[in-house]
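This report concerns only the one structure given below.
Rule-based calculations on the coordinates, nothing more; no lab input. Remember, it's a predicted structure, so these values are computed and weren't measured experimentally. FYI the Cβ positions are ideal-geometry reconstructions off the backbone, even for glycines, and counts take in every protein chain you see.
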Amino acid sequence: MTKPELQDARGPLSRTLMRWGRCGERGDALVELALALCLLGLPLLVGTADMGFVVYDSIEVANAAHAAALYGMQSSTYAANTSGVIAAAQTEASDFGTALSVTPTAYYACSNAIGGTQYTGSNAQANATAACTGGTNHALEFLKVNTSATITPPIHLPGLSNTFTVTGSSVMEVEQ
């Protein structure tokens, strides 16, 4: 086939594009880039936004645990007020309201072994005082607050979970 016959076999659109000099591989890379960005870039962007919501909620739940521990550490009376501790946490994480699970636990430990034995229950202070012997060793009261919430991100992508459970924890010494 000669060149004029080949051009005729391509059709009217090809002939028009050849006349304008836009036939061949010019612009193919741009089209491929546009397709790649649509197929890869958009899911990455949406996935990043989805994880952003999860991280934000995780920070909010952790801050709620800290706020509740701050409330309870004011005195033994506040530490024993579980409804006040729970209300402080739920106020801090107002987006969750009562869906936020809050578990406050008051315990005693010896000052020389804070990470050691934790004394809980009705006789916790007496048991800790009896166990904490020595010149500078004495019983200290702590409040530990655990928070958790199950969240459903606003955007669901295949491959990611529909729900996430985020948790927070804070431990503070109760002021005497």
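Modelled label positions at Gln176 and Thr120, each set 7 Å beyond Cα in the direction of Cβ, lie 2.4 nm from each other.
Scattering from the range 103-161 was approximated by placing one identical point on each alpha carbon and applying the Debye formula without solvent; log10 I(q)/I(0) at 0.14, 0.24 1/Å stands at -0.49, -0.93.
If the chain linking Leu30 and Ser94 were pulled fully straight, counting 0.36 nm for each residue of separation and taking away their Cα-Cα distance, it would gain 18.3 nm. Between Ala131 and Leu44, the FRET efficiency from the beta-carbon distance, with R0 = 45 Å, is close to 0.20.
Answer with one residue from Pro158, Tyr107, Ala89: the one whose Cα lies farthest towards the positive end of the charge dipole of the range 26-173, charges on Cβ with Lys, Arg +1 and Asp, Glu -1. After comparing all options, I get Tyr107.
Pairwise Cα distances in the chain exceed 21 Å for 66 percent of all pairs. Taking the Cα centre of the range 26-173 as reference, the dipole from Cβ charges on Lys and Arg (+1) and Asp and Glu (-1) amounts to some 300 debye.
Annotation: peptides 137-146, 37-46, 66-75, 53-62, ranked by per-residue average of other Cβ atoms within 10 Å with the highest first, follow the order 66-75, 137-146, 53-62, 37-46.
Helical content of the chain, expressed as a calculated mean residue ellipticity at 222 nm, amounts to -14000 deg cm²/dmol (DSSP H runs of 4 or more residues, -39,500 (n - 2.57) each, divided by residue number, nearest 500). The convex hull drawn around the Cα atoms of the range 127-176, when projected onto a plane and averaged over every direction, covers 6.2 nm².
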